[in-house]
Amino acid sequence: MTGTSTLSGKSAIVGIGEYGYYRGTDKSILQMVLKASMDAINDAGLKPTDIDGIIPPPGFVAWDEIGAHLGIPEIRYTACPQMGGSSPVAGIINATMAIACGMATAVLVPIGWNGYSALRPRPDARPNKRRFSAAFFDTVRNYYAPYGLRSAPWWYSLYLKRYVDMYDVPPEAAGAIAVACRKHAQLNETALMRDRPLTMEDYLASPFITEPLRKSDCCVETDCAAAVVVTTVERARDLKHVPVTFLGGAEGHPNRPDELINRPDMLKLGLDYAAPRAFAMAGVTPQDMDFLQIYDCFTYVALLELEALGYAERGGAADFVKDGNIELGGRYPLNTHGGLMSQGHCWGMNHVVEAVRQLRHDAGAAQVADCSVGLVTGYGDLGDGTIAILGRGA
Amino acid sequence: MSSTKPKGQPDDLDLAFYQATAAAGRLCLQHCGDCGQWTHPARYYCPNCSSENYAFEPVSGKAQVHSFTVSHFSVENAWKDKVPYVTIVAETAEGPRVVARTDMAPDAVAIGNPIRLKAEVIDPEFSYIWAEADA
């Protein structure tokens with residue numbers, strides 16, 4: 001199954017690695033990123049000398065130190081998409097472009113952070129040496145933070161409250177996302193929220209942080225890293241695992257991308273622009289998907305993403321997520337690893353890793369039977385959006 | 001309306017916006033000298049006509065609630081004693097939307113409600129925008 005674009009079917013994900021998901025670690029961000037990277041290279045059956053491209057995270061660590069520590073002798077290609085939680089999927093797309101053009105043959109795409117420890121540092125902890133360069137931080141500092149809107153839940157509540165009030169979105173719709181993620185996390189040994197089940201009743205009793213967001217609408221901060229290796233489909237056929245082929249992908253950005261409230265339509269995400277292009281590139285429809293790995297920093301954002309993907313009209317995702325439709329055993333299992341909500345926040349690279357496990361048919365108790373195609377989304381930095389559609393085999 | 005909340009650290013056009021608002025003692029927004037479009041946050045090129053010609057000018061203060069949030073929790077010492085507090089996305093009559101504080105009770109705020117915006121000058125480089133109900 002490949003679409004019509006010159007990029008469709010031109011690359012495959014052949015290696016995955018994960019480190020986490022913890023609340024408190026002695027490892028530096030660089031150490032965690034290197035560990036996940038080396039695991040991904042080994043998982044592919046490759047060596048560091050086989051890697052010739054690096055797409056680093058949008059902050060914290062850089063391509064040159066990653067390459068040097070891993071002992072990659074010749075780096076031919078590097079680029080760094082700066083879009084927060086949509087960066088990992090953007091990295092897959094970027095790696096595919098580099099590979100399709102012959103600029104690189106095997107690209108490492110790692111990410112990681114101490115998302116828990118950085119916010120709650122121990123008294124003797126040293127500060128992170130680097131942060132981010134995205135301009136939206138200026139917007140936040142100058143126009144939102146002075147108003148008690150300090151971090152992501154408060155920023156996003158500014159448009160999510162409009163979403164809820166204008167379309168009468170019931171809390172049970174957001175709750176269905178939280179409950180599905182938590183249910184799936186019970187099957188994942190690495191999930192932070194394993195052994196901490198969540199019912200709809202628990203969800204509805206969760207206190208508001210800032211309306212419409214309850215505590216149980218927010219993902220869990222963790223220390224973690226994850227990485228994948230992308231190479232040509234030809235080479236992928238000779239490696240250890242069933243190749244997971246890139247069928248289509250796209251990025252999209254709100255108008256304007258560096259602030260939240262002056263967009264003509266505050267509810268139109270980057271994914272609204274990107275999704276139709278990705279489905280067209282892959283030559284598939286939303287109804288062809290066997291699973292959905294949706295970037296779930298907040299439950300209501302995931303609902304808007306489902307609408308952007310075409311599974312419901314604006315404001316209508318409540319019907320799509322009810323009655324177990326997005327749980328394992330349902331038609332569209334969502335975040336089969338637990339997601340950011342319940343596995344941990346690894347910028348959505350954990351969603352990519354899970355999609356690969358599913359398509360290898362190596363997802364254990366969370367396996368979606370006989371799945372052959374699924375999608376992964378990214379969301380970040382006030383609404384940037386990415387999507388990759390992946391398929392089993394090459 | 002006094003406040004000791006954290007201020008921004010504006011520079012470039014963001015600083016010009018705050019300086020103009022403080023100098024006028026009322027909310028000023030960027031106004032295109034060619035097509036008349038109002039823009040916020042300010043941009044070096046008018047998003048409507050690409051002109052580089054602009055001035056920061058006072059707006060009417062008339063606005064309506066485009067969105068809002070009610071914060072029931074804060075990790076900031078400066079805001080902990082204010083919960084629950086309402087923060088409004090105000091759509092000005094001139095077009096641009098701004099974030100505004102308010103003393104209105106949560107159940108008195110709804111999308112579409114008319115409001116009036118005022119500036120509370122903190123210093124020459126920072127002001128709060130406040131919203132109050134408009135009869």
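The values are calculated or read from the model by the stated rules, or taken from the named source; none is laboratory data. Note that this is a predicted model, so its numbers are computed, not measured. Don't worry about glycine lacking a Cβ; one is built from the backbone with ideal geometry, like all the others, and counts go over all protein chains shown.
Summary of values
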| quantity | calculated |
| --- | --- |
| Out of A:V244, A:V233, A:V179, sole residue that is closer than 21 Å to A:T386 by Cα and modelled with pLDDT of 95 or more | A:V244 |
| Candidate set: the stretch B:62-93, residues that are hydrophobic (A, V, I, L, M, F, W, C) and assigned to a loop (DSSP other than H, G, I, E, B); chosen: the one nearest to the other protein chains (Cβ to nearest Cβ) | B:F73 |
| Verdict on B:T21 being crowded, with 19+ Cβ neighbours inside 10 Å and more than 9 Å from chain A (Cβ to nearest Cβ) | yes |
| Residue that is nearest to A:V140 (Cα to Cα), among those in the stretch B:94-116 that are surrounded by fewer than 19 Cβ atoms within 10 Å (Cβ to Cβ) and facing chain A (nearest Cβ under 10 Å) | B:G95 |
| Residue check for B:L15: closer than 18 Å to B:S60 by Cα and touching a residue at least 40 places away in the same chain (Cβ under 8 Å) | no |
| Test: residue in the stretch A:107-116 that is farther than 24 Å from A:V244 by Cα and in a loop (DSSP other than H, G, I, E, B) | yes |
| Test for B:D134: is it touching a residue at least 24 places away in the same chain (Cβ under 8 Å), within 18 Å of B:G8 (Cβ to Cβ) and surrounded by fewer than 17 Cβ atoms within 10 Å (Cβ to Cβ) | no |
| Residues being of a type in the set (S, T, N, Q) and over 22 Å from A:Y156 (Cβ atoms) - total across the stretch A:194-209 | 1 |
| Some residue of the stretch A:52-70 being among the charged types (D, E, K, R), at pLDDT 95 or above and in a strand (DSSP E or B) | no |
| B:V89 within 17 Å of A:Y156 (Cβ to Cβ), touching a Leu at 6+ places or on another chain (Cβ under 8 Å) and modelled with pLDDT of 95 or more | yes |
| Tally of residues being within 19 Å of B:E120 (Cα to Cα) and either free of Cβ contacts under 8 Å to residues at least 24 places away in the same chain or touching a Pro at 6+ places or on another chain (Cβ under 9 Å) (or both) across the stretch B:80-95 | 4 |
| Helices (runs of 4 or more DSSP H) wholly inside the stretch A:237-342 containing at least 2 residues that are more than 14 Å from every other protein chain (Cβ to nearest Cβ) and surrounded by fewer than 24 Cβ atoms within 10 Å (Cβ to Cβ) | A:270-282, A:317-321 |
| Single unsatisfied condition, A:M166 versus (1) more than 9 Å from every other protein chain (Cβ to nearest Cβ); (2) surrounded by fewer than 18 Cβ atoms within 10 Å (Cβ to Cβ); (3) of a type outside the set (D, E, K, R) | (1) |
| Test: residue in the stretch A:169-192 that is within 14 Å of another protein chain (Cβ to nearest Cβ), of a type outside the set (G, A, S) and buried (at least 18 other Cβ atoms within 10 Å of the Cβ) | yes |
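Listed here are the residues, each with its yes/no results for (1) within 14 Å of chain B (Cβ to nearest Cβ); (2) surrounded by fewer than 19 Cβ atoms within 10 Å (Cβ to Cβ).
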position: A:I75; (1), (2): no, yes
position: A:P81; (1), (2): no, no
position: A:S86; (1), (2): no, no
position: A:A90; (1), (2): no, no
position: A:T96; (1), (2): no, no
position: A:W113; (1), (2): no, no
position: A:F136; (1), (2): yes, no
position: A:A152; (1), (2): yes, no
